[in-house]
Amino acid sequence: MIYGVLLSIPEKLVPKYEDEVRKAIGYGIARGDIISFTEARYKGDVAFVMLARSNRAAERMVSELQNMPIYVKVIEIEGES
């Protein structure tokens with residue numbers, strides 16, 4: 001099982017929270033919790049998907065980001081071997 005973090009910032013909150021989210025992602029990469037991430041923009045909303053090192057690393061990122069009024073959750077990516 002591969003774990004990740006899905007995060008979405010609504011358009012009206014992007015100016016206030018986008019830089020804070022980017023900073024948190026940078027700290028997660030520096031700690032080794034986040035392996036990679038990608039972002040998308042749609043009609044002003046901003047979304048990030050992060051690939052985490054482990055479930056615990058994903059949970060740590062979610063707990064850091066939950067104090068902001070944004071949508072954030074741990075996702076599980078299942079694959080076949």
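The values are calculated or read from the model by the stated rules, or taken from the named source; none is laboratory data. It should be emphasised that the depicted structure is a prediction, and the values quoted were computed from it without experimental measurement. Note that we place each Cβ from the backbone using ideal geometry, even for glycine, and neighbour counts take in every protein chain shown. Ligands, DNA and RNA are stripped out before the accessible areas are found, and what is left, the full protein with its side chains, is counted by its heavy atoms. Shrake-Rupley method; radii C 1.70, N 1.55, O 1.52, S 1.80 Å.
Take the chain with all the other protein chains still there, run a 1.4 Å probe, and you get 65 Å² of accessible area per residue. Annotation for the chain: GluC sites (Glu not before Pro) lying in DSSP loop with at most 15 further Cβ atoms inside 10 Å of their Cβ are E78, E80.
Put D33, D19, D45 in order of accessible area, highest first, and with a 1.4 Å probe you get D19, D45, D33.
Here r is the Cβ-Cβ distance between Y42 and S63 and R0 is 22 Å; the resulting FRET efficiency, rounded to 0.05, is 0.25. Here the accessible area is traced with a 1.4 Å probe on the protein chains. For the chain, carbon and sulfur cover 52 percent of it.
Going through the chain, which chymotrypsin sites (Phe, Trp or Tyr not before Pro) have at most 11 other Cβ atoms within 10 Å and a DSSP loop state? Walk me through the intermediate numbers first.
Values: sites: Y3, Y17, Y27, F37, Y42, F48, Y71; in loops: none.
The qualifying sites: there are none.
From the largest down, the chain spans 41, 25, 17 angstrom on the principal axes of its Cα atoms.
With angles folded into 0 to 90 degrees, how steeply does helix 55-65 sit against the dominant principal axis of the chain? Use alpha carbons for both and round to 10. With rounding to tens, the tilt is 10 degrees.
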